Amino acid sequence: MYSRLLDLKMPLSELSILLLGPRQTGKSTLLRESFPKSQVFDLLDPELFRDLNKSPLLLRELIRFDLEDPVSEPIIIDEIQKLPELLDVVQSIIQKNKNIRFILTGSSARKLRVQGQNLLGGRAYPLFLHPITSHEFLSANRENEFSNLIQIGGLPPVLTSKFPQRLLKAYVGVYLLEEIKAEGYARNLGDFSKFLDVAALTNSEQLDFAGVARDVHLSPRTVAAYYQILQDTLVGYLLEPFKKTKTRKAVITPKFYYFDVGVCNFLTGRESMAQGTPEFGKAMEHFIFTELLAYKDYTEKPFDLFYWRSTSKFEVDFIIQLKNKKLIGVEVKSSGSIDKDDLKGFKAFEEDFKLEKKIVVCNEKSQRIIEDKFMVLPLLQFCKLLWKGEII
């Protein structure tokens, strides 16, 4: 029911595609709808996996090469990280058959990092599928349900379910823990499960390996490795700090965010949040982060994303640095009434760097300008302007 923004057909005119994204973001559904005639190799099929694991070169014999239009009928290999040895076979096929196209999907970057390096070096175009964005949600005529994106997140099965909390529970219990177990990423799933809960509490916060280690009774080294697992399996991201301010010294520790607001809310037990509460504010900030990340990937606009916090605790939630080095500041507040105290972070930052735009995203009812330079935007309005290209 959602029309996805990710364009697969244009890149295929020149290259094969490596399509990455967490489980249940809709990769397989998107491919089925976009390429109904394609030959599909699903590595979650035990029999197919067993055969190809035994002899990766068998892929050559199974592929149909007599395609009428290779671009419209790419060869799809689902969950390529299950058998990264196939990348060498795919690479050799591409080299010998210049017109053939592959789409390789994956939900983990760890096993692809080494084997996939050459493939990504010019033979396949990397794309990323995110959970449902605000633009995709609104295009499905669901504006009156917009708060669902903040409450239960953007995983398509969760958004369309009558029992979203059940699906989120299954996602955490089956897709996260079972995938970690299947890939052998963590030796002790009990410890890793406790870590997932605590990591959710650190969502949108500066990383503190020692503090988390104390909470889960593990070593800081193990905790650091677990955060790396979340990044490698595309379940979490780090947001680096903007460090260049001199008047007010900046912190140098990155922040952590889960890939989906709903997954984080479930792990922290936030099943229902009222607007204006600190919990809703954290979820809003998290959601804006996922929107900016998806916007960058889908539009391929060249900008970098940071946060800024001074050691004296002035902060701007997001600093967007454009290719021309101009800066945009975005601050997220759950309040329904913004005043001058909410602008202190911007003013502190501008002691060193000018911001081309200063935007406060909040729960006020209408857009307005403060002091002729601070733009106050309701959350929904910010999302609409973002996807229209009027923010960045």
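Computed values, structure above
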{"read-out": "Cα-based Rg / Dmax (Å) for segment 275-314", "value": "13.2, 36"}
{"read-out": "Over segment 9-128, relative contact order from alpha-carbon pairs under 8 Å, at least 6 apart, %", "value": "41 percent"}
{"read-out": "Long pairs among Lys243/Lys326; Lys54/Lys98; Lys243/Lys323; Lys9/Lys98, criterion Cα-Cα beyond 21 Å", "value": "Lys54/Lys98"}
{"read-out": "Filtered GluC sites (Glu not before Pro), segment 297-342: DSSP coil and at most 10 other beta carbons within 10 Å", "value": "Glu300"}
{"read-out": "Chain lengthening between Arg32 and Lys347 when straightened (0.36 nm per residue, less Cα-Cα)", "value": "108.4 nm"}
{"read-out": "Bins of 5 Å from zero: percent of alpha-carbon pairs in segment 319-392", "value": "3, 15, 28, 26, 17, 7, 1"}
{"read-out": "Inter-centroid distance (Cα atoms) of segment 228-289 relative to segment 318-392, Å", "value": "18 Å"}
{"read-out": "For the chain, size of Cβ-based charge dipole, Lys and Arg +1, Asp and Glu -1, in debye", "value": "840 debye"}
{"read-out": "Separation of the Lys388 and Glu271 label points, Cα + 7 Å toward Cβ, nm", "value": "3.9 nm"}
{"read-out": "Tail weight of P(r) past 15 Å, computed on alpha-carbon pairs of segment 266-349, percent", "value": "65 percent"}
{"read-out": "Theoretical FRET efficiency, 1/(1+(r/R0)^6), r = Cβ-Cβ of Arg123 and Asp7, R0 25 Å, to 0.05", "value": "0.80"}
{"read-out": "Virtual spin-label span in nm between Phe49 and Leu380, 7 Å along Cα→Cβ", "value": "4.4 nm"}
{"read-out": "Full-extension gain in nm, Lys340 to Lys243, via 0.36 nm per residue minus C-alpha separation", "value": "32.4 nm"}
{"read-out": "Charge tally in the Cβ shell below 12 Å around Asp45, where Lys, Arg are +1 and Asp, Glu are -1, Asp45 excluded", "value": "-3"}
{"read-out": "Three-way shape call for segment 128-269 based on the alpha-carbon gyration tensor, with the a/c threshold at 1.5", "value": "oblate"}
{"read-out": "Pairs beyond 21 Å (Cα-Cα), from Lys244/Lys333; Lys354/Lys388; Lys255/Lys282; Lys244/Lys344; Lys249/Lys373; Lys301/Lys384", "value": "Lys244/Lys333; Lys354/Lys388; Lys249/Lys373"}
{"read-out": "Per-selection Rg to Rh, the chain - Cα, Kirkwood hydrodynamic radius", "value": "0.98"}
{"read-out": "Gain on full stretching of the segment that runs from Glu145 to Glu85 - 0.36 nm per residue minus C-alpha separation", "value": "17.2 nm"}
{"read-out": "Mean projected area in nm² (Cα convex hull; one quarter of hull surface) for segment 9-128", "value": "6.8 nm²"}
{"read-out": "Dipole of the chain, positive end: most advanced residue of Thr25, His286, Gly106 [Cβ charges, Cα centre]", "value": "His286"}
{"read-out": "Most to least packed among 68-80, 136-148 [average Cβ atoms within 10 Å]", "value": "68-80, 136-148"}
{"read-out": "Spin-label pair Lys96/Asp191, simplified geometry with 7 Å Cα→Cβ offset, distance in nm", "value": "4.6 nm"}
{"read-out": "Exposure proxy ranking, count of Cβ atoms within 10 Å, fewest first, for Phe163, Phe353", "value": "Phe163, Phe353"}
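Just so you know, all these numbers are worked out from the coordinates, no wet-lab data involved. Computed from a predicted structure; not experimentally measured. Don't worry about glycine lacking a Cβ; one is built from the backbone with ideal geometry, like all the others, and counts go over all protein chains shown.
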